[in-house]
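Report on the following structure.
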Amino acid sequence: VFDRGDSVTEVLWFLHELEAEAVLAGGQVHLLLGNHEIMAMTGDDRYLNDKYDHFTQYTQISYYQLFDRETELGRWLRSRNSVLTVNGYLFTHAGISPQFAIHAFSWQEINDRIRGYLNSDYRISKNSPEDVILGPFGPFWYRGYGNYDKKYIELTQDFIDLFLESNGLKRMIIGHNVQPEIMTAYEGKVISADVELEGSGHSAQGLRIAGDTIYRCFFDGTRERLE
């Protein structure tokens, strides 16, 4: 949600309200934390939109204070999950790397440790679980699924198969690496769903999962099946 335009707070309030409405309708909304959510809540504003840059200069309020532990949005964001499994599908921002998988953190531990970090004045020590989770091979920052600049060892089908099978999973859904359209890889077991938005919004896409059938959905309401 963060650092992708000038409507960050509007989108957050929309999702905040939608979450409550979904519960009343018998559904759920899950907003997962990504690297930019962590950045916004911890004072890293290097990708700040001009609107918020001007706001902070005018009000003399630091951007992260809009989302600190004393604000409604800040408390709400700090209660969100970092990883989530639903019906055999793993949702996580940057994906699980082989280097991270060997630590064998449970999903609950990942969520609890990040919530604990964001809700305290805890300073991360080197090689601590929090340092590993928030590190370059963790589920917030890993770039191996995009393999930018070929800096990462190429992921193999064997790793994907073994990781998913050993955790009782069918697929992994990730964002983080901007794509021209929703993409599948590794025999359809990894889905990259972060699609770049241009000004009109017509490039927007969404992923629909109906049982074990997945669809790429377009801004005009049409869709196509993915294999």
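The values are calculated or read from the model by the stated rules, or taken from the named source; none is laboratory data. Note that the coordinates shown come from a computational prediction; the quantities given were computed from them, not determined experimentally. Heads up, the Cβs are rebuilt from the backbone with ideal geometry, glycines too, and the neighbour counts pull from every protein chain shown. Accessible surface is based on the protein model in full, side chains and every heavy atom, while ligands, DNA and RNA are left aside. Shrake-Rupley method; radii C 1.70, N 1.55, O 1.52, S 1.80 Å.
Pairwise Cα distances in region 101-227 exceed 20 Å in 55 percent of cases.
Considering only alpha-carbon pairs that sit under 8 angstrom and 6 or more positions apart, the relative contact order computed for region 27-114 is 30 percent. All Cα-Cα distances of region 11-77, cut into 5 Å bins from zero to the largest, leave 4, 15, 22, 23, 17, 10, 6, 3, 1 percent in each bin in turn. When you restrict to C-alpha pairs under 8 Å that are six or more residues apart and normalise by the size of region 22-71, the relative contact order lands at 33 percent. The stretch between residue 30 and residue 128 holds 32.6 nm of extra length on full extension. This uses 0.36 nm per residue minus the Cα-Cα distance. For region 128-192, the set of trypsin sites (Lys or Arg not before Pro) satisfying both a DSSP loop assignment and a count of at most 11 other C-beta atoms within 10 Å is given as 151.
A compact globular protein would have a Cα radius of gyration near 2.2 N^0.38 Å; the ratio found for region 91-168 is 1.15. Calculated FRET efficiency, residue 112 to residue 196, Cβ-Cβ distance, R0 = 41 Å: about 0.80 to the nearest 0.05.
Its convex hull of Cα atoms gives region 166-220 a direction-averaged projected area, equal to a quarter of the hull surface, of 4.5 nm².
Figure legend: label point modelled 7 angstrom from the Cα of residue 11 along Cα→Cβ; residues of region 186-227 with amide N under 18 Å from it are 192-208, 217-220. In nm, to one decimal, how far is the residue 103 label point from the residue 187 one, both placed 7 Å along Cα→Cβ? Each label point is offset 7 Å from its Cα along the Cβ direction, giving 2.8 nm. Annotation for region 20-74: GluC sites (Glu not before Pro) lying in DSSP loop with at most 14 further Cβ atoms inside 10 Å of their Cβ are 70.
For the chain, the solvent-accessible area with a 1.4 angstrom probe is 56 square angstrom per residue. Given contacts defined as C-alpha pairs under 8 Å and at least six residues apart, what's the relative contact order of region 66-152, whole-number percent? In percent, rounded to a whole number, it is 29. Sorted into 5 angstrom bins from 0, the C-alpha pair distances of the chain split as 1, 6, 12, 17, 19, 18, 14, 8, 3, 1, 0 percent.
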